[in-house]
Every structure is written in C-alpha cells, then in structure tokens.
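Heads up: the structure comes next, in structure tokens.
The values are calculated or read from the model by the stated rules, or taken from the named source; none is laboratory data. In this text, all values refer to a predicted model and were calculated from it rather than measured experimentally. Neighbour counts are summed over all protein chains in view; Cβ atoms, including those assigned to glycine, are modelled from backbone coordinates with ideal geometry.
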Amino acid sequence: MTTIAETRRAVARRPRFLLDRAEVMGPMFIAPAILYVLVLVGLPFLLALYYGVSAYSIFDPSYRFVGLKNLDEVLESEIFWHTLWNTLLFTIGSQIIGLLLGKIGAMLLMKEFPGRGIARALVILPWAVPVSLATLAWKWMFDSLYSVINWTLVAAGLVDVANQPQWLGQQDLAFAAVMTVHAWRLFPFGVIIFLAGFASVPKDVLDAATVDGAGFWRRNYQIILPIIAPIVVIALIFGTVFTFTDLSVVYLLTMGGPMNSTQVLGSLAFQVGILSGDVAHGAVICLFMFPFLLVAVIALLRALRRREI
Amino acid sequence: MNAVARRIGLTGSFYSAVVVLVLFAAFPFYWMLITAFKTDGDLYNLQSIPYWFNAAPTLEHLDYLFNKTLFLRWLLNTAIIGVCVVAITLVVSLPAGYSLARMPGRSAENLGIGIFLTYLVPPTLLFLSLSRVISWLGLQDSIWSLVVVYPTFTIPFCTWLLMGFFKSIPREIDEAAIVDGCTMLGAFIKTILPLSLPAILTVVIFAFTLTMQEFVYALTFISSSDQKPVTLGVATDLVRGDVYYWGELMAAALITSVPVAIAYNLFLDRFISGITGGAVK
C-alpha cells in the first residue's frame, strides 16, 4: 500500500520538482542583465539626480547639498531656454522631413526597377555609418572656403563669389545646416520602416479595395496607414529620442555656435559639465531630457501594446 | 502616341526622383572618397571643377594616415572594445533572452519591455555621472571604461532581439530535453544554442556596430590619443588647432564606414524586426 502511494507521489513530484528548478533558474538567467542595467544605468541616474541638487564641480568636489539653487539658476539663464527651444525645433523639424522623405523614398524603392538593390544600399548609408564620421564629411562640404555646395551655387550663378553663404558661420544657416544633417541621417531609417510596413500590408486587402473603387489616396490613408501605423510610431519614437538627445552632430559641426544658435541640451550640458567643470549645472541641464524621454517611453509602451492586438 | 509620351514622362520623372534621393543620401560618401585620393593642391583649388580629379589621384593621405597618425592604433582599440563588448553582451543577453521567452505570463513581457526601454536611455543623460563612476572604478582615460559602459545599451537591445527569436523556437524542444534528464542550463546549451546560431550572429554584428557608432561616452571618458576608439580619434586628433587634415579625415571616415555599411545592409531586416519588436513578419 504505502509503496504504491509513494511511487505515485514521486511521479507526481517529478515535473513539479522540475518546475521549481525552472523557477530558480529563470531568475538566475536574467539576473546578470538586470544587475548590469541597475548598476550602470540606474545608479548613474540617481547620481545625476543628486548632482543636480549639489554644488559639485571639478574645483569643489564636495557633494554639498544646495537644493534647487542650480535649477533656479539654469531656469533663469536665457541660453538655456534658447537651447531647449533649439533642441525641440531640431527634433520636430528633422522628424517631419525624415518622415516625408522616408515615405517618398519607400514608395520609389518599392517598385521593381534595374539597380533597385544598389539604390537601396546607397540610401541606407547615412543611417548605417557612424554619425560622427558622416558629420565630418558634412563639415567639409560646408567648409568656409572650399565648400562644394558653394562652388556649385557659384558655378550655377545663384550666388556671388564675394558673397558666399557661410554655412557654419551665420546663425540661420548654421541652424539649417544642423537640421539638414539630422534629417539626412534620419530619413533612411524612415525609408526602411515604410518599406517594411508596406511589405506587411496583405496584398488581397489592397486588391479588394482597388476592386471596390478605392483610389490612390484612399488606399494610402484608409488602408495602408492604419495597418503600418504602429511600427511607424515606434520608429518615430526612436528617431525623436535619438535626435533630441544628440550631442555628436552639433559638437562636431558647430560646437553649438555661432552665438549658441545651434546649441542643444546635449552640447550645452557637455560645455557646462565637462569643459567648464560645473558638473552640478550640467547635470540639471541633462535632466531636462528626462520628462521628454518619459513621454517617449509611455508612447512607446502604448505602441508596443497596440501591436499585439 | 500621347499615351507613349505620357509613359516616357512618368518613367523619366520616376528615375529622376530616384536619382535625386540617392544623390542626397550618398553624395557625402562620394565626397569622402574623392577627397581621400585628391592631392592637397587639387583639394584647395577653387578654379577647377571639384567633382573629379584635376590632378592625378594620390595615396599621400592614406600614407600619412597609416604611418604618421595613430589610426591603426584606434582601429585596434575599436576592435578590442568591440570584441569584449560582444562577449559581455552574449554572456548576459543569451540567458536573459531565453529566460524571458520561456517565463510564463504577463510579467515576463513587462520585464522584457522594461529592459528594452533602457536602450532608450541616451548617453547624454548619463555621461556626467558615469564619468564619475568610471573614475571610482579607476578606469578613466582607458579603453576599458568603454568596455564596461557600452554593454549598457547593447544588452537591452540584444536581449530584446534574442527574446523574440527564442519565442519562435517551439517550447517542446527544450522541454523534451528536460524530460530526458537535462537541467534547464543543459537543455539551453545543448538544444537551444545550436538552433540559435543565426540570431547569435545577428547579435554579434549589432553589438559590434552599435559599439563602433558610439561617440559621446568615448568623448567624455577618454583624452589620451592612444586610448581612443577610431570614431573619436579621427574626429579629434586629425584636427590640429584650426587646421583640418581633410584628406586624412575623409580617408579615415571612409575606411571605417565601409565595413559598418556592409554589415548593416546584410543584416537590415533582422535589425528592423528587432527594433519594431517583431511587428513586421
């Protein structure tokens, strides 16, 4: 009697025992990833928060608590508001251009034509290569003396040799130059996303709509767009975050100048926090990115959830 | 007749649109190429047409780059950083992705998204405090600081990518191995890893290219020339005061960009499905 009962229990316990093991092993498998992120992302973030309310600088590394004094000082500075505004304009502008060019590019590259593979590979280049190196090429193209853009404009008779535009030396032109590089870097990502989206639209749905008399615009906006909206939103959020928090393009192209006209949060924080050594104020400027990131994260979460339905 | 003219017109405008798009995207790279092989006299001459060689092409910039700058050292640094970051990423992300794929219920999904979201945390938010952490670790001004920090963005991205991949492997395969007496770790190593080679290759490529593209942390942590990765070294050390060594700069930019561009083109589809969380099938 008892032996039978025990065997039964053992049989019943075996998968249970395995399940227990999986419950132990599962967290152990994932623990290193979580630890890594906590120690090197979570901890620095808390430290940045504390820097923001301390008097820390490389001349006075004291961690003395000063409360919201730094925040007040940053908010009172005109350069900061100007910088925040620039950052927003660069982000919104380059997303719009990137999205438009991305859509147009994808519609062109969707068609079968000889050389399509090469065209696609070339269009992807700006997004694939390291942004710092690509920015250097633009810096050379915007050079004050030997700009190939100016040479072309002069040769075409559009501008006077003596009166060439100084792409990186005039405030409005420098702004346009930074915007151009951001949009140039971003639009291939848009092309790829739209291409992937178009490919995911079921052909029979489109055919059915065409048979039912839906024209070009109707097919685009009432059938294709709703289907690809979730991934376009995801791509848009990534693009927004990467442009909003960029430092390398501005740092290499204009250093924020002339007269802070192209300054963005990242470059201002770098100048204040690293070059001037005022870590506390630099940290406050960095932290202004956080609310925007939070909005992006919430939007991303909603897009990811919607994708599942 | 009219219809034929219309068609020719349409085809013509289609191709010109493609050409304009490709020119906009690729001209800076053409410009790198042509600058890298032009003599200085040809580069700084406003009289001649700049789009092509007006003097015989030269290798002097490449010669200078390889023999008189630390370019090779920077490439080597980037390679060392890349290999180490890839190794750390694989060791941490493979089990994490597997565990997330097999964990039951909504919490695994949330945990996965939570880890993925840290990929959105930008270097510009953390560089000030991380440089403090780096100096606590005694790693300031050394390539090892980047080896430690870069996995903070490769691990989230690759864990997410691998999670999606492991979900596509039927549960029955590793469950069968467990029933046959394997431990969870054994089942993972013996049955899942061999099936995951394509995904592992993708992770290797992306961890490496993400590492190569980073600039902000390198700029903040490293100031000695011989410790710089290639993107930083080229951008900062080939400029002396106000003088830009354009030939050398463009040659270096081109040499570094080519392998990354090829890798991206080959693995593009996987990258997209990674970033959109498998929304595109």
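List of remarks:
- As a summary of the residue check, B:Ser135 satisfies the conditions (1) over 24 Å from A:Tyr251 (Cβ atoms); (2) assigned to a helix (DSSP H, G or I) except for the one numbered (1).
- Test: residue in the stretch A:226-245 that is within 24 Å of B:Phe27 (Cβ to Cβ), of a type in the set (Phe, Trp, Tyr) and out of contact with any Leu (no Cβ under 6 Å at 6 or more places or on another chain): yes
- The numbered conditions (1) of a type outside the set (Gly, Ala, Ser); (2) touching a strand residue (DSSP E or B) at 6+ places or on another chain (Cβ under 8 Å); (3) modelled with pLDDT of 90 or more are all true for A:Leu46 except (2).
- Hits in the stretch B:215-245 (condition: part of a helix (DSSP H, G or I) and not hydrophobic (A, V, I, L, M, F, W, C)): B:Tyr217, B:Thr220, B:Ser225, B:Asp226, B:Gln227, B:Thr231, B:Gly233, B:Thr236, B:Asp237
- If the condition is being at the interface with chain B (Cβ under 8 Å from one of its Cβ atoms) and more than 16 Å from B:Phe14 (Cα to Cα), then the stretch A:91-122 contributes A:Ala121, A:Leu122.
- Cβ-Cβ under 6 Å pairs, at least 6 apart or on other chains, the stretch A:77-99 side farther than 14 Å from A:Gly190 by Cα and touching a residue at least 12 places away in the same chain (Cβ under 8 Å), far side hydroxyl-bearing (Ser, Thr, Tyr) and buried (at least 18 other Cβ atoms within 10 Å of the Cβ): A:Thr91/A:Thr240; A:Thr91/A:Thr243
- Highlighted here are the helices (runs of 4 or more DSSP H) found entirely within the stretch A:37-122 that include at least 1 residues which are within 20 Å of B:Thr124 (Cα to Cα) and polar (S, T, N, Q): A:69-76, A:78-110.
- Hits in the stretch A:37-90 - residues which are away from chain B (no Cβ under 14 Å), more than 19 Å from A:Gly266 (Cβ to Cβ) and of a type in the set (Phe, Trp, Tyr): A:Phe59, A:Phe65
Every residue, every condition in (1) within 10 Å of chain B (Cβ to nearest Cβ); (2) surrounded by fewer than 23 Cβ atoms within 10 Å (Cβ to Cβ); (3) touching a Ser or Thr at 6+ places or on another chain (Cβ under 7 Å), yes or no:
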| position | (1), (2), (3) |
| --- | --- |
| A:Gly239 | no, no, no |
| A:Ser248 | yes, no, yes |
| A:Tyr251 | yes, yes, yes |
| A:Val264 | yes, no, yes |
| A:Ala269 | yes, no, yes |
| A:Leu275 | no, yes, no |
| A:Phe290 | yes, yes, no |
| A:Val295 | no, yes, no |
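- Residue among B:Leu23, B:Leu100, B:Leu75 that alone is closer than 29 Å to A:Lys139 by Cα and either surrounded by fewer than 16 Cβ atoms within 10 Å (Cβ to Cβ) or in contact with a Gly (Cβ under 7 Å, 6 or more places away or on another chain) (or both): B:Leu23
- For the criterion of being of a type in the set (Val, Ile, Thr) and farther than 21 Å from B:Gly82 by Cβ, B:Thr124 passes.
- Single residue of B:Thr183, B:Thr202 found to be within 19 Å of B:Ala101 (Cβ to Cβ), modelled with pLDDT of 85 or more and among the hydroxyl-bearing types (Ser, Thr, Tyr): B:Thr202
- Residue check for A:Phe142: surrounded by 14 or more Cβ atoms within 10 Å (Cβ to Cβ) and either in contact with a Leu (Cβ under 7 Å, 6 or more places away or on another chain) or at pLDDT below 90 (or both): yes
- Here B:Ile113 meets each of (1) surrounded by fewer than 19 Cβ atoms within 10 Å (Cβ to Cβ); (2) more than 30 Å from B:Phe166 (Cβ to Cβ); (3) facing another protein chain (nearest Cβ under 7 Å); (4) not hydroxyl-bearing (Ser, Thr, Tyr) with one exception, condition (2).
- Scanning the stretch A:167-185 for residues that are surrounded by 16 or more Cβ atoms within 10 Å (Cβ to Cβ) and polar (S, T, N, Q) yields a count of 1.
- Filtered residue count, the stretch A:277-288, keeping only those that are at the interface with chain B (Cβ under 7 Å from one of its Cβ atoms) and either over 18 Å from the mean Cα position of the chain (by Cα) or among the small types (Gly, Ala, Ser) (or both): 3
- Only one of B:Ser225, B:Ser257, B:Ser273 that is over 30 Å from B:Leu128 (Cβ atoms) and hydroxyl-bearing (Ser, Thr, Tyr): B:Ser273
- Residues of the stretch A:193-234 that turn out to be more than 10 Å from every other protein chain (Cβ to nearest Cβ) and touching a Phe, Trp or Tyr at 6+ places or on another chain (Cβ under 8 Å), as a count: 1
- Filter result for B:Thr191 (part of a helix (DSSP H, G or I), of a type in the set (Val, Ile, Thr) and under 21 Å from A:Leu38 (Cβ atoms)): no
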